[in-house]
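Participant: Let me give you the structure first, and then I'll get to my questions.
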Amino acid sequence: MNKADLLDLFDYTEFAWKQLVGVTADDAVLLREAPGSGWPSLRNCLGHMVVAYGRWSPAIIDLKTGPLPELGEGDFLTWKSLDEAHSAARGELRARVEGWSESELASPHDVEVYGEPLRYSRSDLILHILLHERGHHGDVTTLFWQLGIEAETTLEYRFHLRR
C-alpha cells in the first residue's frame, strides 16, 4: 500500500472515530454495562482500539512489538480522556508515516512478534493497526444498540469520500 493510500485510511478511520464519539458525550453511557455484547462496556471496546496502538506502533517504528497493553481500571473513564489518548497514539504514528519515504514504508523488515522474527513492511503493519480499528467499528455500533442508543452513524467509506 502506498503512502497516499495509508494517509487516506488514517483520514477515514479518524472520520469514523469522530462519528462514533459524536453519538453521545455522556460519560455514564461509556461506562454502562452491556450484557451479552462480548465487551463489558463501550469503554472496554473503544479502549482496546486505543491501547492496540501501544503494541503496534513500536513494531512499526522500532521494529519490535511489546505485549498488548492492558486496559487499566482507571483508564478512559471519560470520553475526553479516551479521545485524547486516541489522538495522541495516532498522531505520533501518522507523523512518522508522513516523514517516511515510499521505499521506507514498503521495505520488508524482520519484526519481532512474540519473540519470533517475522517479515513485514511498515506499510503492512500500519494497514494492520488501521484495519484493526476499523474492524471494531461493528462492535461499537452493536454496543450502541445494546445500550439503547439510536445511532445513525455514517461509517461507510462513501460518506468519508463526500467530506
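Where a number appears in this text, it was derived from the coordinates with a stated rule and is not lab data. All values derive from a computational prediction rather than experimental measurement. Using ideal geometry, Cβ is built from the backbone for each residue, glycine included, and neighbour counts are taken over all protein chains shown.
Participant: Note down the net charge around W56, summing +1 for each Lys or Arg and -1 for each Asp or Glu among other residues with Cβ under 15 Å from its Cβ. Walk me through the numbers before you get to the answer.
Facilitator: Details: positive: R55, K64, R90, R94, R96, R122, R134; negative: D62, E92, E112, D124, E133.
Neighbourhood net charge equals +2.
Participant: Here is a further query. Under a crude label model (7 Å from the Cα following the beta-carbon direction), how far is K64 from E116 in nanometres?
Facilitator: 1.9
Participant: When the Karplus curve 6.51 cos²θ - 1.76 cosθ + 1.60 is applied with θ = phi - 60°, which whole-Hz ³J(HN,Hα) does each residue of segment 139-147 get, with x for Gly and Pro?
Facilitator: Ordered by residue, 3J(HN,Hα) equals 4, 5, 5, 5, 4, 4, 4, 5, 8 Hz.
Participant: So, with +1 on the Cβ of K and R and -1 on the Cβ of D and E, and no other charges, what is the size of the charge dipole of segment 22-163 about its Cα centre, to the nearest 20 debye? Don't jump to the answer; show the numbers that get you there.
Facilitator: Values: 14 positive and 22 negative charges, 72 e Å.
Computed about the Cα centre, the dipole is about 340 debye.
Participant: I've got another one for you. Could you pull out the chymotrypsin sites (Phe, Trp or Tyr not before Pro) across segment 23-119 that fall in loop regions by DSSP (anything but H, G, I, E, B) with no more than 15 other Cβ atoms inside 10 Å? Present the calculation step by step, with values, prior to reporting the outcome.
Facilitator: Numbers: sites: Y53, W56, F76, W79, W100, Y114; in loops: F76, W100, Y114.
The qualifying sites are Y114.
Participant: Using θ = phi - 60° and the Karplus form 6.51 cos²θ - 1.76 cosθ + 1.60, what ³J(HN,Hα) does each residue of segment 102-115 get, whole Hz, x for Gly and Pro?
Facilitator: 4, 5, 5, 6, 8, 5, x, 9, 7, 10, 6, 10, 6, x
Participant: Follow-up. Of the listed values [x] 19; [y] 59; [z] 41, grab the one calculated as percent of Cα pairs over 30 Å apart from the structure here.
Facilitator: Checking each listed value against the structure points to [x].
Participant: For the chain, build the charge dipole from Cβ charges (+1 Lys, Arg; -1 Asp, Glu) around the Cα centre, then report which of S121, T78, A59 sits farthest towards its positive end.
Facilitator: After comparing all options, I get S121.
Participant: Let me ask something else. Answer with one residue from L9, G148, L30: the one whose Cα lies farthest towards the positive end of the charge dipole of the chain, charges on Cβ with Lys, Arg +1 and Asp, Glu -1.
Facilitator: Positive-most Cα among the choices belongs to L9.
Participant: Could you derive backbone 3J(HN,Hα) for segment 73-81 from the dihedral phi with the Karplus parameters 6.51, -1.76 and 1.60 (θ = phi - 60°), listing whole Hz in sequence and x where the residue is Gly or Pro?
Facilitator: So the Karplus estimates, Gly and Pro as x, are 4, x, 7, 6, 8, 9, 4, 4, 5 Hz.
Participant: Could you pull out the GluC sites (Glu not before Pro) across segment 67-145 that fall in loop regions by DSSP (anything but H, G, I, E, B) with no more than 12 other Cβ atoms inside 10 Å?
Facilitator: Numbers: sites: E70, E73, E84, E92, E98, E102, E104, E112, E133; in loops: E70, E73.
Within segment 67-145, the qualifying GluC sites (Glu not before Pro) (loop, at most 12 other Cβ atoms within 10 Å) are E70, E73.
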